[in-house]
Amino acid sequence: MFTKDCMSTHGKKNQRSAMLVVLLLVGVFCSLASASNDAFPRPAKLESDVRFWSRVYTEVTTNQGLIHDNRRLNIVYERLSFSPGMSKKARQKKIKQRKKYYQKILLDLAGPVNKRFITTGHKQVRNLWPPKTKRTEFAQGAKQVRFQLGQSNRFKEGLVRSGRWQSYIKSEFSKLNIPAELASLPHVESSFRSDARSHAGAAGLWQFTRSTGRRFMRIDHVVDERLDPFIASRAAGQLLKGNYQITETWPLALTAYNHGAAGMRRAVEQIGDTDIVKIVREYKGRTFGFASRNFYNAFLAALEIDQHPEKYFDRIERERAVLIREVELPSYYTAQGLEAAFGLKNNVFKSLNPALQSTVWNNNKFVPKGYPLRLPHHVIIEKSGRIIASIPSDEKSKKQKPDVSYKVRRGDSLSKIAKRFKVRVGQLVQANGLASQHRIRAGQVLKLPVPVNSLQGVEGRIAKETVFYRVKKGDLLSVIARKAAVLESDVIALNNLKNKNHLNVGQKLRLREDPVILSLAANEDVLKPSSVVKLVPEKRKLGADPSDYEVAPDDSIEIQSNETLGHLAQWLSLSTQAIRNINHLNKQAVLVVGTRLKLSFLKVDKVTFEKRREAYHVALQKIFFSTNRVTGTRKHTLSKDQLASLQRRYKTPLWLLRQYNPVINFNQVGPNTMIIFPVVTKK
């Protein structure tokens, strides 16, 4: 700042210099504001929608809610209030009654004029709609009555909590060269609660599902990095950057965070434009519901409140940034041993290491080797090596404790299994990444969050279940190992193979040995060793996968990587020849990735086909991301015949490469084509 005394001392020359500096600074700030507006435009046509979310976030508490039209968010019929302590059931009943009240009025307004019974309520509702509203619009409005719970108290708490993480998030996003404004997104996702969980199985500050999160993080019954705000923030930045590279606009990239990049590609294709207003107003995607349609509007509202909280709330004092030290563990340790060595209380240690799962805290698993242990900032890193070395031998190990598994039998439920093994249902759900505690099936193998020793001679005997695979014509060992999610070297060792390239058709390969419970009581079925276990795909949406797995209105599909006529025939319950006949293909014809193929749905409906198809790709990607993660991207402009060598260098399967380059035809790629390569590293 320039003071009056300073300017009078140095004269007019310095006064002109000062003015020049001020003008330059103003120019810089204006350019930054312009860049921000360019990245995240706030169109006038969406202003009423943004104001609706501002109201939800700042005026209406979680003991209140708005009954409104789900398309025209400026039409709010009523602010509904709930008495303190009102049960969820009572709330739902009250909401249902008030929605029915407004639906009846709207249907009355849609009826013939001479049969309408006009009350004060009718007049109030009529005045909320435009003057020349048609009767058909009122009839449609009756189907669009919706309730939105208020969030103002949660949002205010989120503003306070945001101080813990936002400086780190902005720093990480700066490294990724993406806008700092994206650091406001957790207000929409989790209110900056790092332990937040949704009914859909999303978790953490950034609400990653397991299927999307495992692309960038480790997610299992020992470590769930979605719950670590530092690691999850880096992953969120990578996902958002990937979305932007695919959609090329930040409004679409943000909407893709909720709806998936594939969904946004379909929206652009259907509308023929990347304009967020047109997509929000006109796109009729099957799964493009209220949440997806309003995700960008909610973000704009959250961003405005986050940047100017004083306009909406009393004085907000954000929490201080979390400062930590990291130490990479050289071996496996008990959580209790680490706590004692560093002199930390259990609650402090847990809060610093939220990614560690209950199996670690219950001492059923060790804190894994290589884990970046989080410690308070005052810990001197130079001393940490000596502290870790002093941990007693009975509190550490050279290898992890083995898993104990149970194969579900007909009639089993999670509650029965939990009671049998003296664990909580929640522990079973968490250990196995289950979407619902009510969905298990006979034959499913569940991990048990209990130590092996606790079951010896009590609930049954522990043994090894050997998983075999019988070699088929054309099989390669590398492919077999990848599909079974095991190391090729382990298969070679288990079978004493001298030459991995010489496999005989019909040969029985031992793939792995899993510890399982073979018997639980005298009257229960005994699992037979040497049974063949089939990998069952996880039925989840591929949120980060922009590939199109849907059937087009003309009954055609786009061929994706790793799909064959055999796969399609199996999913359709047809013969491969039937598909060839539909498309006039001879027996020598092969499927070309990226081209379209016509299908018949006489035996299987489209929804079932799409589910089967997606399950296959989920399983394929689940296996890959169980041992690999994406840590960044690199851009390359190809020279002649360079694609294959770069693919080998980055160890990128074609299906993953296509996901980062969805508009490129890899059948016709040539020199000077710019390709984005995901950087894949081993977990």
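Lysine pair count for the range 556-682 with Cα-Cα distance under 24 Å and sequence separation of 8 or more or different chains is 13.
Tally the DSSP beta bridges in the chain and give the antiparallel ones as a percent, rounded to 5. It would help to have the intermediate numbers written out before the result.
Values: 47 of 49 bridges.
In the chain, DSSP labels about 95 percent of beta bridges as antiparallel.
Straight Cα distances below 19 angstrom link K398 to the lysines K365, K369, K683, with same-chain residues fewer than 8 positions distant left out. For the chain, averaging the sequence separation of C-alpha pairs within contact (under 8 Å, six or more residues apart) and dividing by the residue count gives a relative contact order of 10 percent. Would the chain count as rounded, prolate or oblate if I go by the C-alpha gyration tensor, calling it rounded below 1.5 in a/c and otherwise prolate when a/b exceeds b/c, oblate otherwise? It comes out rounded by the Cα gyration axes.
Between A389 and E157, the modelled label-to-label distance comes to 4.6 nm, taking each label 7 Å out from Cα in the direction of the beta carbon. Contact order for the range 329-394, expressed relative to its length and based on alpha carbon pairs under 8 Å spaced 6+ residues apart, stands at 48 percent.
Its Cα centre serving as origin, the chain has a Cβ charge dipole (Lys and Arg +1, Asp and Glu -1) of approximately 1540 debye.
Annotation: aspartates and glutamates with alpha-carbon distance below 16 angstrom to K396 (same-chain offsets under eight excluded): E328, E339. Cut-off under 23 Å on the C-alpha distance; same-chain residues fewer than 8 positions from K134 excluded. Which lysines are left, in chain and number order? K134 reaches K45, K99, K100, K104, K115, K123, K143, K278, K284.
Here the contact order of the range 63-149, divided by its residue count and restricted to Cα pairs under 8 Å and six or more residues apart, works out to 43 percent. Cα gyration tensor of the range 203-329, axes a ≥ b ≥ c as square roots of the eigenvalues: rounded (a/c below 1.5), prolate (a/b > b/c) or oblate? Oblate.
The largest-to-smallest principal axis extents of the Cα set in the range 324-397 are 30, 25, 20 Å. Both numbers refer to the Cα atoms of the range 31-163; Rg and Dmax are 18.1, 60 Å.
Laboratory data are not the source of any read-out in this text; all were calculated from the coordinates shown. This structure is a prediction, so every number in the text was calculated from the model and none was measured. Ideal geometry is used to build each Cβ from the backbone, glycine not excepted, and the neighbour counts take in all protein chains shown.
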